[in-house]
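Report on the following structure.
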Amino acid sequence: MEDILSDILLRVEKPARYVGGEYNLPNMDKPCSHRTCLCFCDKYEVGMSNIGVRILYHMLNDMEGFVCERSFAPDLDMAKELQEHNLPLFSLETKRPLLDFDMVAFSVGFELHFTNIIYMFDLAHIPYYAADRDDSYPVIIAGGPCAVNPMPFADFFDAIMIGEGEINFKQFNELHDKCMKEGISKQEFLKRATTIEGVYIPSLNNPTKRAVVQDLDKSYFPTDILVPNCDIVHDRSTIELFRGCANGCRFCQACFYYRPIRERKVGTLVNYAKALMDNTGYDELSLSSLSTSDYSGLKDLVDQLKVEADERKIKLALPSLRLDSFEAEIYQEMGGSSLTFAPEAGTQRLRNVINKNVSEQDVYNSIKGAMEYGVKNVKLYFMIGLPTETMEDLQGIVDIVNLVKDLHRQYGKSKMLNIIVSTAVFIPKPLTPFQWERQISMQEMKEKQEFLIEKLRMKNVKYSWHGAESSVVESLLARGDRKLSSVIVDAYHNGCVFDSWSEHFNFEGWMKAVQDNNINLEEYTGEQAEDKVFAWDIVDNGVTKKYLLSERYKSRQGITTPNCMGKCNGCGASKLGRCFE
Amino acid sequence: MIIVEHKKIGDMGYVSHKDTLKVLQRALKRGKINVEYSKGFVPHMLTYTTTPLPLGVQSDAEYFGVECTGVSASEFLERFNRSVPAGLVGSWAVELLKNPNLAFIVVASEYRIKASGNLQAVTGILDKSSYVIDTVKKGEPIQKEIRDMIFDIRVEGEEIVCVLATGNINLRVDSFVDSLVTNFGIKANRNGIIRTKQLVKDGEKLVSVGEFLR
Ligand code: SF4
Ligand code: SF4
């Protein structure tokens, strides 16, 4: 294999993505009784940027007797070469075929990764459906953010890890190792695995509860991380401040899914940051979490980190800040000249509906502050098709753009100003107060986009919109059930792969698969009955349906719910673990 | 300044020149080498490399120059080797008062090419006054006279050892090997090539960078 492979590597683009050999590579030759291959359903440069994959990879390799390797979705040129030479998809570290592992674990990032599961199965010579694989196959499982509703892809896997892998993935690997040593069959092992919290076995359809790290401050976090030899999307070290989000924007799945809200201590984070800076050689350190500016010790943390980073000539980056925390953003941008805002909706009314607690005054102050600061580039993010949206709300987007221009004229320290407006189509997602809402039709999407294209035809303003067609597919899959597994397989056979890369997205392929399987699209993308039992209801995710429904009602009345940092709003997540220790 | 001779072998052979530079610079940070930075608007590390290798070609003789302070050559080598991925391990390092500008003074490289077939025939190129290869320039296929860029060819066992122009006047070893495969029917490919020396002019003689600097 090595010989053929080295020839292939000369012909494909960016071959460094397939060879491993990164700095800080764990010892692959240590004595081990259990080998897992961690697979990511997208390219190396995307997967290597994923903090979850990073944590689980190093966690397993740090466990005595366990080795974990990696495999990513190879680019199309590589896939073609593998197929032409009948080489199965292999791991980066030891070039082992996936089928030679004890366990193969797929991290599924979001809905548009689903066809890549099948793509990778195909390349690895894995039969698609778990029911078609006997004990001679490795245990093949999935996890990751998409496990919030695993039903569309559940039939492909022996088990689904729901929740935080530091808990369930670890226990699942340990149990499998033990069962292998005792010669226990796959079926029996899977039955025993149902006792682990956050392990869903599709063939048994067992109810389970999402696995949650109780003490995040003490939980595993790697600082001897792999440093890739080629560019990746987020090429920097990252510390994770906290999980969950207190803001409760009603469209936001991550907010509710990652609750309860748990923080790491400033001291712990500073230690991680120092170790990462020293062990990686990266010249940038980013602070990550859903809403970094809400971290209770942010100022203290940034002050301490600045000293350490300056000493090492390392840049600090603070992503995902909210509009109402401009101060922190300025902090981040010291010396920078661009500003990113995500008001999500153009009017106060609609922002109240979605519970984006950003007032007109916040918008005004933030923009004014930015202009006085000399910001040249303003990026504005909005959603279109939100529940109750009218043309007035779209006009509100245009008004905000005009406000930026006005304030630039009045207060702008920089002569130049570039505004980029981006809109994405609202996708109703499970485990949000909007999980019952309808997605607007393609026709409506087009009309709204055309309205904005027309109105935003202004000097120094660029309007970009996220594809309407892929939003429909994402929406179908997000609230999908087990009937959709055959749609995913057929879509793959119709040529759908790398759906999240707009240049590869193939809407016709998807629609043909939907039709061939007699699926009524509207059933999934339309409004859902409030008493409907959803496919994902079998998993207890903490946040209760009752709470989500009450939030939906409040949205209709334009009533906002405050950030729960000061006072608990009773969402239900705290029964899985304590918020704000 | 310190210059280190290092390898680029194994998986690192598939890492582009630009990415390799990044890997090396990160290694300096990990090794806590006190590197000097440029003074401009966006300061960058003052480091220097030599002519890029084509992707897939390996090397025993790459050079990396670093403007740094507070570290001896031997200490540098020790820290460098602790901080690079396996395929970039350093062989030696020297401290110099002045940047020798290797990218400019290196004029040739010696390569060893694993090959099979009638290898002796290849040495016949040396007897000819012209040798033209097909290559690509700005995406267009062109023909290029390269005889002047070939300084030596000999056969040692199952390897062709050749010395080709490097630097300002540069002959890409992969294009040269492709031409040997086409013109002489030998079997060889890019990942069977290793750069074994980079050469500079010392009077009329070509000497290796190692001999020249040390
Ligand atoms: S601030 Fe809103 S959008 Fe951002 S993570 Fe929190 S809930 Fe989600
Ligand atoms: S349980 Fe209370 S504090 Fe915790 S996330 Fe829910 S609302 Fe917020």
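The values are calculated or read from the model by the stated rules, or taken from the named source; none is laboratory data. Predicted model, so just to flag it, every value in this text is computed and none were measured. Quick reminder, even Gly has a Cβ in these numbers, built from the backbone with ideal geometry, and neighbours come from all protein chains shown. All accessible areas refer to the heavy atoms of the entire protein, side chains included, with ligands and DNA or RNA removed. Shrake-Rupley method; radii C 1.70, N 1.55, O 1.52, S 1.80 Å.
For this structure, a couple of remarks:
- Selection count, the stretch A:127-146, where residues are crowded, with 24+ Cβ neighbours inside 10 Å and among the aliphatic types (A, V, I, L, M): 4
- From the options B:Lys144, B:Lys98, B:Lys137, B:Lys128, residue that is closer than 29 Å to B:His44 by Cα and away from chain A (no Cβ under 14 Å): B:Lys98
- In the stretch A:389-400, of all residues being crowded, with 21+ Cβ neighbours inside 10 Å and within 21 Å of A:Ser338 (Cα to Cα), the one that is farthest from the chain's Cα centre (by Cα) corresponds to A:Ile400.
- Highlighted here are the helices (runs of 4 or more DSSP H) found entirely within the stretch A:475-561 that include at least 3 residues which are surrounded by fewer than 20 Cβ atoms within 10 Å (Cβ to Cβ): A:507-516, A:521-525, A:545-556.
- Filtered residue count, the stretch A:189-225, keeping only those that are open to solvent by 70 Å² or more (accessible area, probe 1.4 Å) and charged (D, E, K, R): 6
- Positions within the stretch B:100-115 being within 18 Å of the chain's Cα centre (by Cα), surrounded by 14 or more Cβ atoms within 10 Å (Cβ to Cβ) and outside any helix (DSSP H, G or I), in sequence order: B:Pro100, B:Val106, B:Val107, B:Ala108, B:Ser109, B:Glu110, B:Tyr111, B:Arg112, B:Ile113, B:Lys114
Here's the yes/no breakdown for (1) more than 10 Å from ligand 1 (Cβ to nearest atom); (2) open to solvent by 10 Å² or more (accessible area, probe 1.4 Å):
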| position | (1), (2) |
| --- | --- |
| A:Val233 | yes, yes |
| A:Thr238 | yes, yes |
| A:Pro260 | yes, no |
| A:Glu263 | yes, yes |
| A:Leu269 | yes, no |
| A:Gly281 | yes, no |
| A:Leu287 | yes, no |
| A:Asp294 | no, yes |
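- Some residue of the stretch A:551-565 being among the β-branched types (Val, Ile, Thr) and within 16 Å of ligand 1 (Cβ to nearest atom): yes
- All told, A:Met28 meets the bar of being closer than 30 Å to A:Lys178 by Cβ and not aromatic (Phe, Trp, Tyr).
- Within the stretch A:246-267, considering residues that are under 16 Å from A:Ile51 (Cβ atoms) and touching a helix residue (DSSP H, G or I) at 6+ places or on another chain (Cβ under 6 Å), the one farthest from ligand 2 (Cβ to nearest atom): A:Arg264
- Pairs linking a residue in the stretch A:514-537 that is under 19 Å from A:Ile440 (Cβ atoms) to a residue that is acidic (Asp, Glu), with Cβ atoms under 9 Å and 6 or more positions apart or on different chains, are A:Val514/A:Asp490; A:Tyr524/A:Asp481; A:Glu527/A:Glu437; A:Gln528/A:Glu437.
- Unique match (being over 23 Å from B:Val207 (Cα atoms) and in contact (Cβ under 8 Å) with a residue 12 or more places away in the chain) among B:Thr135, B:Thr123, B:Thr166: B:Thr135
- Count of the stretch A:296-345 residues which are within 14 Å of another protein chain (Cβ to nearest Cβ), at pLDDT 85 or above and open to solvent by 20 Å² or more (accessible area, probe 1.4 Å): 6
- Selection within the stretch A:355-365 - touching an Asp or Glu at 6+ places or on another chain (Cβ under 8 Å) and not in a loop (DSSP other than H, G, I, E, B): A:Asp362
- When residues of the stretch A:29-48 are limited to those that are touching a Lys or Arg at 6+ places or on another chain (Cβ under 9 Å) and part of a loop (DSSP other than H, G, I, E, B), the one nearest to the other protein chains (Cβ to nearest Cβ): A:Met48
- Here B:His6, B:His17, B:His44 are screened, and the one residue that is under 27 Å from B:Thr166 (Cα atoms), open to solvent by 20 Å² or more (accessible area, probe 1.4 Å) and touching a Leu at 6+ places or on another chain (Cβ under 8 Å) is B:His17.
- When each of B:Ser91, B:Ser74 is tested for being outside any loop (DSSP other than H, G, I, E, B), of a type in the set (Gly, Ala, Ser) and surrounded by 13 or more Cβ atoms within 10 Å (Cβ to Cβ), the lone residue that passes is B:Ser91.
- Evaluating A:Lys170 against the criteria (1) open to solvent by 50 Å² or more (accessible area, probe 1.4 Å); (2) over 18 Å from A:Ile55 (Cα atoms) leaves one unmet condition, (2).
- Annotation: of all residues in the stretch A:23-42 being without any contact (Cβ under 8 Å) to a residue 40 or more places away in the chain and charged (D, E, K, R), the one that is least open to solvent (accessible area, probe 1.4 Å) is A:Lys30.
- Within the stretch A:282-297, being more than 16 Å from ligand 2 (Cβ to nearest atom) and in contact with a Ser or Thr (Cβ under 7 Å, 6 or more places away or on another chain) holds for A:Tyr282, A:Leu285, A:Ser286, A:Ser288, A:Thr292, A:Ser293.
- Scanning the stretch B:1-48 for residues that are closer than 15 Å to B:Phe76 by Cβ and of a type in the set (Phe, Trp, Tyr) gives a single hit, B:Tyr48.
- Strands (runs of 3 or more DSSP E) (entirely within the stretch B:116-208) containing at least 2 residues that are modelled with pLDDT under 95 and touching a Lys or Arg at 6+ places or on another chain (Cβ under 6 Å): B:132-137
- Single residue of the stretch B:21-41 satisfying the filter (touching a Phe, Trp or Tyr at 6+ places or on another chain (Cβ under 9 Å) and under 28 Å from A:Leu10 (Cβ atoms)) that is most open to solvent (accessible area, probe 1.4 Å): B:Leu21
- Of the residues making up the stretch A:374-388, just one is in contact with a helix residue (DSSP H, G or I) (Cβ under 6 Å, 6 or more places away or on another chain) and open to solvent by 10 Å² or more (accessible area, probe 1.4 Å), namely A:Thr388.
- For the stretch A:4-22, a residue qualifies if it is of a type in the set (Asp, Glu) and in contact (Cβ under 8 Å) with a residue 60 or more places away in the chain, and the qualifying residues are A:Glu13, A:Glu22.
- Scanning the stretch A:242-256 for residues that are crowded, with 23+ Cβ neighbours inside 10 Å and more than 7 Å from ligand 1 (Cβ to nearest atom) yields a count of 5.
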